[in-house]
Structures are given as structure tokens and as C-alpha cells.
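Read the structure below first, then the notes.
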Amino acid sequence: MALRGTLYRLGGDEFAVTIADGDVDWVEAQSAATLRALQDADFRVTGASCGSVRIRECEHVQQAKEIADSRMYENKRQRRRPSAHSMMGELGT
């Protein structure tokens, strides 16, 4: 990550990444790859949620934090929502 951006630990299990070129897609791909690597190494990770923001969407840094946080919680809600496929499996049993 040091070659493209900087990773900060905010506290607990919350992290922030800043990247000069604004390649949010790259950051999200790296996050997904990290989660897969942890799962492949038998770490008991249930999942990870992320929220991304491009600085040009914001008027100030605090707003960027707020938007990213809001998007992260929406991502978390989406991950926890049962899919129609999983619900059908439960109904069929």
C-alpha cells in the first residue's frame, strides 16, 4: 500500500486509506483481496465493510469522513441482508 497510498488505523477495527491519485476502485479491490487472503489463511473473519469517497465530492475533510462512514454502514447493512437465494434455501428445508 505504501507505493500507492497511506493506511491509517483510526481505532479498533477501523482504518482509513488516503491515495493521491484517487483510485477508489484500486483501494476497494485491495480491501477485498486482503479479506480473501485472511479467509484463505483460516482467520475467522466474517467480513469487512468499506465506504469510499472521492475528495472532490466534499467541501472539507470532515465531510469526507462522514460520507465514507455513512457508505460503510450502508455496505454493512447490505452484506447482512439475506439474499433471495439464501432465503429460498431456508424455505426449501
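In debye to the nearest 20, how big a dipole does the range 5-84 give about its Cα centre with +1 on each Lys and Arg Cβ and -1 on each Asp and Glu Cβ?
380
Could you give me the ³J(HN,Hα) list for the range 72-78, computed from phi with Karplus coefficients 6.51, -1.76, 1.60 and θ = phi - 60°, whole Hz, x at Gly and Pro?
Computed from phi, the couplings for the range 72-78 are 5, 5, 5, 4, 5, 4, 5 Hz.
Which Cα, out of Ala33, Gln62, Gln78, lies furthest along the positive dipole direction of the range 5-84 (beta carbon charges, K/R +1, D/E -1)?
Value: Gln78.
Quick one: what are the phi-derived ³J(HN,Hα) couplings along the range 18-31, Karplus 6.51/-1.76/1.60 with θ = phi - 60°, whole Hz, x for glycine and proline?
Working through the residues one at a time gives 10, 9, 4, 7, x, 7, 4, 4, 5, 4, 5, 5, 5, 4 Hz.
For the range 5-84, what is the Kirkwood hydrodynamic radius in Å, using each pair of distinct C-alpha atoms?
13.8
Quick note: the coordinates plus some simple rules give every number you see, no bench work behind them. Bear in mind that the values here come from a model prediction, so they are computed numbers and not experimental data. All Cβ positions, even for glycine, are placed from backbone atoms using ideal geometry, and neighbour counts span all protein chains on display.
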